[in-house]
Amino acid sequence: MSVLEVKDLSVTYKTMAGDVPAVRGVDLRIDKGEVLGLAGESGCGKSTIAGALLRLHPSGTKIEGTAMLDGEDVLTMSPGRLRAVRWFGASIVFQGAMHAMNPVKRIGEQLAEPIIVHKQADEKQAKVRVGALLEQVGLPARRMEDYPHELSGGQKQRVMIAMALACGPSLVIADEPTTALDVMVQAQVLKLLKELQNDLGLAMLFITHDLSVLVEVSDRLAIMYAGKIIEEGPATSVFEDPQHPYTKALAAAFPAIGDERFRRAPSGLGGDPPDPMAIPSGCSFHPRCPSAFDDCSSVNPPLFVAGEGRRAACLLVEGAHAGAKETTA
Ligand code: ADP
Ligand code: MG
C-alpha cells in the first residue's frame, strides 16, 4: 500500500482580491521507502501542496480531493486526530529553520516536547531519545543544552530534521530544506537526509525549485507548473530526457548540483510563471513555450503516456507517443 496517495487535490486561497487557485487537480503517490521529488519555479504551488497535506493553510482556504496517509484521509480528519498525525504520520522540514525554533527554549526541550506528548514518555526517557536523535543527525548529544542562537544554519537545519523524525513518522515532507544554506552545507544536509531516509525506509516528498538537487535524492520526479503536475516519471529519465518543454527548460537551467550560477530562475526561459488568478487558456505554459503551436492556446493537454512509467502534459508528447499503451504512473 502507498504511504501517501493524493487524488485530484485542489487548493484555493480566499483573498480580498478573489479566489487564488494555487493547486488544480493534482495526483501524487509515494510508496514506503520512496522519495518523490516535486519541482517547479517559485509560485507553482509546491508549498501549497505541502501545507495541504498537513492542513497548515490559512482558515477559509478551500481544499478539494483526497489525501490518504496510511489509508486515512488527512483532508477530513478531526482536529485531534490531525494533531497526532502531524508527528506520527507525516512531518515537515522546511526552509528557514532559523525562524521555526523557539529562541528562548533549549534545543533539547523543544525536541522532547512532542516525544513526551505523543509517545507518552517521561522526561528521562525523552532525554535519552533526544540524545539519540541528535547523534542520528550528526550532532553531539550535549548540544541539547544549547539555545537556537548557539547553532549555525546547517546545525539548526539538522535539529529541524531531528524534530521531524522525533515520533517516527511514515512520511517526511522536506520543503526547500537546503535552499537557505550555503553550497557546502547544502550538500551535507542533503546527504544526511538521503541517508536517514534510506536507513529508516521513510517515504519522502522532497520539494525544491532546483532540479539538479532533486535528481540526486529522488526516485521519481513530478514537475509542477501553474498548480498542476505537467510531467512525472523515474527521476533520472525525466532529468536526462525531459519530454515537456517546461521540464526541458528547467533541466537546462540546473546542469550541475550546487552550481551557484544556476540558483536563480531558469536561464533561457523568459517571463514568469502565471499569476494563479490569471492562468492562460489552453496549456498554461504556452505563452512562454518555445515549441508552442496554434492548438496550444486553446487545448488544455492532460497527462499523456510519454515512455516507460512516464507521463507529460503536452500536445507534442501526445503526437510523439501516439498509440503507446497507458501505464500506471
Ligand atoms: P511554491 O512553493 O511553488 O513557490 P506556493 O505554493 O507558495 O508556491 O504558492 C502558489 C501560489 O499561491 C502563488 O501564486 C502564491 O502567491 C499563492 N499563495 C500562497 N500562499 C497564499 C496565501 N496564504 N494566500 C493567497 N495566495 C497565496
Ligand atoms: Mg515554496
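The values are calculated or read from the model by the stated rules, or taken from the named source; none is laboratory data. Computed from a predicted model, the values in this text were never measured in an experiment. Reconstructed Cβ throughout: ideal geometry from the backbone, glycine too, with neighbour counts over all protein chains shown. The protein model used for the area step is the full one, side chains on, heavy atoms only, and it has no ligands, DNA or RNA in it. Shrake-Rupley method; radii C 1.70, N 1.55, O 1.52, S 1.80 Å.
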Computed helical MRE - 222 nm, the chain, DSSP H runs ≥ 4 contributing -39500 (n - 2.57), nearest 500: -9500 deg cm²/dmol
Pairwise FRET efficiency - Asp122 versus Asp272, Cβ, R0 = 35 Å, nearest 0.05: 0.10
Neighbour net charge for Val20 - beta-carbon separation under 13 angstrom, K R +1, D E -1: +1
Rel. contact order, % - alpha carbon contacts under 8 angstrom, at least six apart, the chain: 19
Hits among lysines - C-alpha to C-alpha of Lys32 under 17 Å, sequence gap 8 or more where chains match: Lys194
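With 21 Å as the limit, write out which pairs from Lys119/Lys191; Lys119/Lys156; Lys105/Lys156 have Cα-Cα distances beyond it, or answer none. Don't skip to the answer; put the middle values down first.
Working: Lys119/Lys191 28 Å; Lys119/Lys156 23 Å; Lys105/Lys156 13 Å.
Violating the 21 Å Cα-Cα cut-off are Lys119/Lys191; Lys119/Lys156.
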Tyr246, Tyr13, reordered so the largest accessible area comes first (probe 1.4 Å): Tyr13, Tyr246
Gyration tensor (alpha-carbon) shape descriptor, the stretch 133-217, a/c threshold 1.5: oblate
Rounded to the nearest 20 debye, dipole of the stretch 50-156 from Cβ charges on Lys, Arg, Asp, Glu: 120
Tail fraction, Cα-Cα pairs, the chain, threshold 24 Å, whole percent: 56
Shape call, the stretch 183-226: gyration tensor on alpha carbons, a/c limit 1.5: oblate
